[in-house]
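Student: Below you'll find the structure I mean.
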Amino acid sequence: MKKILSLTLCLIALPALADFNLGGPGVPAGTVKAAGAPFKVEYTIPGGVYRFVFRGIEARGATLGAPGSSGTKGNGGQFHLSATVWTDVGHEKLGKIEFRDVQEFNAAPLKTLLLDNQEVFQAPGNTPMNVTIEWAGQGNAHKPDGFFNVLGESQAQPTVPTGTLTFEVGDYALRNLPTGAYPPGKATIVRD
């Protein structure tokens, strides 16, 4: 009976390792994953974007590790995470987080690497650009559990025009508009 109880407690205490969640601006949570390292995963934001800002990367997690030439504790040597963002207008930027070994990755708090200058990708005119994010993990890690995110923002709609418009106070008839485009009537401008 003691052996069964001991085995049950041991199984409950093991971490539930699954996948490495890969995230970023414009990427729906939980849709892009890696099952182990090494990995290289690409994701193109559907529909394109008008503006994309790449600020850096962050990672945290745990892995069962893998035997490697750098030790006998299953550390598998160094473990590196990098991300690349590129668009169809030719921009690219790369960041890299390094862990000395898998044990450091397992024990480390959230690691963040910010770019010295954020990279801003702007679509030319009113046509959205394609943005592809590539996450890469080098090293040897089995059954990872954690996340690896690209930091920044994504703008799916064109930039709202800014500026001023000046009208005289009065009533204006809505004329010469296609039928059904606007309701019939008039616009009234009043001074505050």
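Student: Using 7 Å Cα-to-Cβ label points, what is the Q118/F167 separation (nm, one decimal)?
Tutor: Label-label distance for Q118 and F167, simple model: 3.5 nm.
Student: Let me ask something additional. Can you compute the modelled spin-label distance between H91 and T188, with each label point 7 Å from Cα toward Cβ, in nm?
Tutor: Rounded to a tenth, the inter-label distance reads 4.6 nm.
Student: Got a number for carbon plus sulfur as a percent of the range 74-115's accessible area, 1.4 Å probe?
Tutor: 51 percent
The values are calculated or read from the model by the stated rules, or taken from the named source; none is laboratory data. From a predicted model like this one, the values you see are computed outputs, not experimental measurements. FYI the Cβ positions are ideal-geometry reconstructions off the backbone, even for glycines, and counts take in every protein chain you see. Keep in mind that these areas ignore ligands, DNA and RNA; they rest on the heavy atoms of the full protein, side chains included. Shrake-Rupley method; radii C 1.70, N 1.55, O 1.52, S 1.80 Å.
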